[in-house]
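The values are calculated or read from the model by the stated rules, or taken from the named source; none is laboratory data. Just so you know, these numbers come straight off a predicted model, no measurement behind them. Quick reminder, even Gly has a Cβ in these numbers, built from the backbone with ideal geometry, and neighbours come from all protein chains shown. Surface accessibility is based on the protein's heavy atoms, side chains included, excluding ligands, DNA and RNA. Shrake-Rupley method; radii C 1.70, N 1.55, O 1.52, S 1.80 Å.
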Number of protein chains: 2
Amino acid sequence: MMKLKRSARIAELTRIFIENPRTPFQLSYFSEQFDVAKSSISEDIAILEEYFRERGLGEVITTAGASGGVKYIPRLKIEEAREWMLHEIERLAVPERILPGGFLYMSDLLGETSFIRGVGKIFAEAFAEVKADMILTVETKGIPIALATALYLNIPMVVVRRDNKVTEGTTVSVNYVSGSSGRIQTMSLSRRSVPQNSRVLILDDFMKAGGTTKGMINMLKEFHAECVGVGVLVEMAEPVEKLVTDYISLAKLSEVDEVKQTISVELGSFFKIFEK
Amino acid sequence: MMKLKRSARIAELTRIFIENPRTPFQLSYFSEQFDVAKSSISEDIAILEEYFRERGLGEVITTAGASGGVKYIPRLKIEEAREWMLHEIERLAVPERILPGGFLYMSDLLGETSFIRGVGKIFAEAFAEVKADMILTVETKGIPIALATALYLNIPMVVVRRDNKVTEGTTVSVNYVSGSSGRIQTMSLSRRSVPQNSRVLILDDFMKAGGTTKGMINMLKEFHAECVGVGVLVEMAEPVEKLVTDYISLAKLSEVDEVKQTISVELGSFFKIFEK
């Protein structure tokens, strides 16, 4: 390919890093692609490194050795995430979202690209250090959240099914008590989807008593895999005693009043950690 | 914020465009953000415009007027998409994927970030001109494909449910004949999710006879919305006569032989259009 000028190289490197977070690239790869000396690429990367760091967008890390290379780790400032989430919570707390039975309509947000990107970025930041090999979620509404986070963490997403599908091959099924219905239900997971000793991050859209999450943790035991973190978008304040203890939420819903048409929702436990 | 040098501005503009495709930005927004004159921003954007065009990555379009601004439209070269898809088809045609009943295991690919990004890019390219307002898919395996495409097209994704959920509010249900089971099934969609006169793109992971897609098209009629395109990742070669006529596929599966342990899969109709 033709020789690129510095500005075009900076654009191309930025694009490659943003589109492929946490993916190691060899300097020689860039130097061949751009037809310039490695030293020029090093200078370009130094410029980008400074830019990402100063903007609080993350780090560009260079590792030595045969499997080494340069990669971009996206990061997010907690204050920025907090501001963004507070704004989204306002959008969540409108009476139009109240459904019969005191449920909250959220499906539109889960299909909205900017919302899903934002949630994915926050979870990727929250679990930046847990070294997860994959993300596990349960169909259906957890999928957009899990996928967006997977894109930022550059790890695969695996979906637990609520029933047994022929297209999943051999599956493992576990029973669990769903918090919203209080009934015993079954979830199943394809045998080949989670290798032994995997480090697994569990994400979901909603947690009431934590029965579904507990089910997923039990499922992982069957696969001899380890749960290294649990994150939910919205948790219910009640019941206070959940079936899982170690999890973070981005928002906490304490009340949906069908008569008064009011919703009480606040920042979730992830943000509380940083409050004084 | 502090004054940025040209290289940092190029990096920041690239990041903003790549992370927010098809989103219009005012020049004055950039000029305030970067604390430089609009003329400098115009020069930066001209550099990027040339870079995106020469690399075949898309266009930077400037529109005049109050609602105008500058936006990045990602594009993809068909030959590149074709090369990529041929490589993925090889990964699809391995005997380990054959499941009892002649089904093909694809769940791993649908949770793999690079695969999902690639499929999303191709569908965004295939439907770049249809001016869709939203993407409709049906749970479960269509969701990653629909979401990835939605991220590139910068439009919302809406999920049709296979059953009726309390968290969806008032829903519309339609019956359809599923090609894989041959049975009559029901799908439902939240009343508030698709406004009248919406232009809707339908995406799914798989099509056999097209019964599910037909159901979604019928569903859209109930919403007085218009289907402006149909795309599936994999279609079955048989039956040749499908219930839908106007659709594209990225791959076509003609045979899964459980005895011989062979899979016959080729490029789908989207790529055939460009062949001589």
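Mind listing the label-point distances from residue A:183 to the same position on all other copies, shortest first, one decimal in nm, points 7 Å along Cα→Cβ?
1.6
Choose one answer from B:51, B:247, B:176: the residue with the largest mean-square fluctuation in a GNM of chain B with alpha-carbon springs under 10 Å.
B:51
In 10 Å bins starting at zero, report the fraction of Cα pairs in the protein assembly as shown per bin as a rounded %.
Bins of 10 Å from zero give 3, 17, 28, 28, 18, 6, 0 percent of pairs.
Which percent of the accessible heavy-atom area of the stretch A:159-263 goes to carbon and sulfur, probe 1.4 angstrom?
Details: 2330 of 5010 Å².
Answer for the stretch A:159-263 is 47 percent, counting heavy atoms of protein chains only.
If you take every DSSP beta bridge whose two residues both sit in the protein assembly as shown, what share of them, in percent to the nearest 5, is antiparallel?
Values: 46 of 86 bridges.
In the protein assembly as shown, DSSP labels about 55 percent of beta bridges as antiparallel.
Could you state the accessible area per residue of the protein assembly as shown in Å², with a 1.4 Å probe and every protein chain left in place?
44
How many partner chain Cβ atoms sit within 10 Å of a residue's Cβ in peptide A:221-227, on average, as a whole number? Walk me through the intermediate numbers first.
Working: counts 0, 0, 0, 0, 0, 0, 0.
Taking the mean over all residues of the peptide, I get 0.
Would you kindly compute the Cα radius of gyration of the stretch A:1-135 and its largest Cα-Cα separation (Dmax), both in Å?
19.6, 65
Using r as the Cβ-Cβ distance of residue A:19 and residue A:259, and R0 as 35 Å, what FRET efficiency do you calculate, to the nearest 0.05? Each step should come with its number before you reach the end.
Working: r = 49 Å, r/R0 = 1.40.
The formula returns an efficiency of 0.10 here.
Over all distinct Cα pairs, what is the inverse of the mean 1/r for the stretch A:156-195, reported as the Kirkwood hydrodynamic radius in Å? The partial results should precede the final answer.
Values: mean 1/r = 0.0918 Å⁻¹.
Final number for the Kirkwood radius of the stretch A:156-195 is 10.9 Å.
Using label points projected 7 Å from each Cα along Cα→Cβ, tell me how many nm separate residue B:91 and residue A:86, to one decimal.
For residue B:91 paired with residue A:86, the spin-label model returns 4.2 nm.
Could you give the radius of gyration (one decimal) and Dmax (whole number) of the Cα atoms in the stretch B:159-248, in Å?
13.0, 38
Measure out, as a whole number of angstrom, how far apart the alpha-carbon centroids of the stretch A:164-184 and the stretch B:183-253 sit.
Centre-to-centre distance over Cα atoms comes out at 27 Å.
Using the alpha carbons of the stretch B:78-272, what is the convex hull volume per residue in cubic angstrom, as a whole number? Please report the intermediate quantities before stating the final value.
Details: hull volume 23.0 nm³, N = 195.
So the per-residue hull volume is 118 Å³.
Taking the 0 to 90 degree range and rounding to the nearest ten, how far is the long axis of helix B:142-153 tilted relative to the main principal axis of chain B, both from C-alpha atoms?
20
Express the relative contact order of chain A as a whole percentage, based on alpha carbon pairs under 8 Å and six or more residues apart in sequence.
Once normalised by length, the contact order is 14 percent.
Can you list, shortest first in nanometers, how far residue B:96 lies from the same residue in the other copies, with each label 7 Å from Cα toward Cβ?
The projected label point of residue B:96 is separated from its counterparts by 4.9 nm.
Below 8 Å between Cα atoms, with a sequence gap of 6+, how large is the relative contact order for the stretch A:6-74 in percent?
Details: 74 pairs, mean separation 26.8, N = 69.
Relative contact order comes out at 39 percent.
When all alpha-carbon pairs of the stretch A:6-74 are counted, what percent fall beyond 14 Å? Can you show the working numbers first?
On the way: 1277 of 2346 pairs.
Value for the stretch A:6-74: 54 percent of Cα pairs lie more than 14 Å apart.
I'd like to compare B:151-164, A:32-45: which one has the highest average count of other Cβ atoms within 10 Å, and what's the full order after that?
Values: B:151-164: 21.6, A:32-45: 15.8.
So the peptides B:151-164, A:32-45, ranked by packing, come out B:151-164, A:32-45.
Determine the alpha carbon to alpha carbon distance for each of A:71/A:131; A:214/A:242; A:121/B:71; A:5/B:5; B:141/B:242 and list only those over 18 Å.
A:121/B:71; B:141/B:242
In terms of Cα to Cα distance under 16 Å, which aspartates and glutamates are near enough to residue A:260, apart from those fewer than 8 places away along the same chain?
Candidates past the 8-residue exclusion: A:96.
Using a label position 7 Å from Cα in the Cα→Cβ direction, what is the ascending list of nm distances from residue B:245 to the same site in the other copies?
Nearest to farthest, the other copies are at 6.5 nm.
Between helix B:78-92 and chain B, what is the angle of the helix's C-alpha long axis to the longest principal axis, kept within 0 to 90° and rounded to the nearest 10?
That works out to roughly 40 degrees.
What number, rounded to the nearest 500 deg cm²/dmol, is the helix-based mean residue ellipticity at 222 nm of chain A, given -39500 (n - 2.57) per DSSP H run of at least four residues and division by all its residues? It would help to have the intermediate numbers written out before the result.
Numbers: 9 runs with 100 residues, N = 276.
Helix-only estimate at 222 nm: -11000 deg cm²/dmol.
Any chance you could check the stretch B:129-161 for residues losing 40 Å² or more of accessible area when the partner protein chains are in, compared with the chain on its own (1.4 Å probe)?
Residues meeting the cut-off: B:140, B:141, B:143, B:147, B:151, B:157.
How big is the charge dipole of chain B about its Cα centre, in debye rounded to the nearest 20, if each Lys and Arg gets +1 on its Cβ and each Asp and Glu gets -1 on its Cβ?
So the dipole magnitude of chain B works out to roughly 660 debye.
With a 1.4 Å probe on protein heavy atoms only, work out how much accessible surface B and A bury together, total over both chains, in Å² to the nearest 100.
Its buried surface, counting both partners, is about 4800 Å².
What spacing in nm lies between the two simple spin-label points modelled at residue B:164 and residue B:78, each 7 Å away from Cα in the Cβ direction?
4.6
Of the peptides A:235-242, A:14-21, how do they stack up when ordered by the mean number of other Cβ atoms within 10 Å, highest first?
On the way: A:235-242: 13.9, A:14-21: 19.6.
Taking the mean over residues of other Cβ atoms within 10 Å, the ranking is A:14-21, A:235-242.
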